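Where a number appears in this text, it was derived from the coordinates with a stated rule and is not lab data. Please read these numbers as outputs of a predicted model, since none were measured by experiment. Quick reminder, even Gly has a Cβ in these numbers, built from the backbone with ideal geometry, and neighbours come from all protein chains shown.
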Amino acid sequence: MRKNLRRPADIWCPYCGRKAVLRNASYVYGERCIRPDKHLYVCSGYPKHCDAYVGVHEHNLMPLGTMADGELRHLRIEAHYALNTVWKRGYMTKKGVYAWLANKMNLREKDMHIGHFSYYCCEESIRICRELIAERDKKGGDRRRQTGSRERYYAAAGVG
Ligand SMILES: [Zn+2]
């Protein structure tokens with residue numbers, strides 16, 4: 001098979017309709033850029049008219065998700081954080097959190113990509129995860145630590 005994937009895709013900004021341009025990450029992050037070799041699809045209206053961009057899979061330059069403005073980027077970070085907190089505290093396995101959340105939000109598991117989430121899906125997943133965390137924190141105590149270690153054991157063993 002011919003490997004000819006490294007070419008920019010045609011991507012249009014969902015906010016303003018301008019075409020997105022493949023750029024080095026330093027174009028957006030400037031001196032703060034820790035990975036200047038990374039790429040982003042950046043709205044051609046950036047930064048004057050529009051704030052939207054998205055990261056790429058470096059091996060094929062396909063976007064990691066849909067383009068997002070500052071608010072949506074922030075919400076996606078929050079959603080990742082809330083979701084990760086659930087499995088990192090041992091309340092579920094990582095795979096389990098995705099399945100559980102997909103079910104709660106009526107999404108197919110294959111659509112559980114936060115990089116594709118809308119504002120609404122981000123807010124819902126943050127709310128649902130925080131609810132579970134608050135509920136489990138309330139129960140708290142030794143029981144939680146025991147459950148946590150058991151779930152971590154299963155996760156490490158690849159069970160469940
Ligand atoms: Zn735009």
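Judged by the mean number of other Cβ atoms found within 10 Å, the most tightly packed of the peptides 105-111, 92-98 leads the ranking 92-98, 105-111. Close amide H contacts of His39 (hydrogens built in the peptide plane, cut-off under 5 Å, sequence separation of 5 or more or a different chain): Ala25, Val56. Here the simple spin-label model places points 7 Å from the Cα toward Cβ, and for Leu61 and Ile34 these points are separated by 2.6 nm. Return the subset of Lys19/Lys94; Lys19/Lys95; Lys94/Lys138; Lys38/Lys104 for which the Cα-Cα distance in this structure is over 27 Å, preserving the input order. In this structure, Lys19/Lys94; Lys19/Lys95; Lys38/Lys104 lie more than 27 Å apart at Cα.
Packing here is the average count of other Cβ atoms within 10 Å per residue, and on that basis the peptides 27-36, 9-18, 82-91, highest first, run 82-91, 9-18, 27-36.
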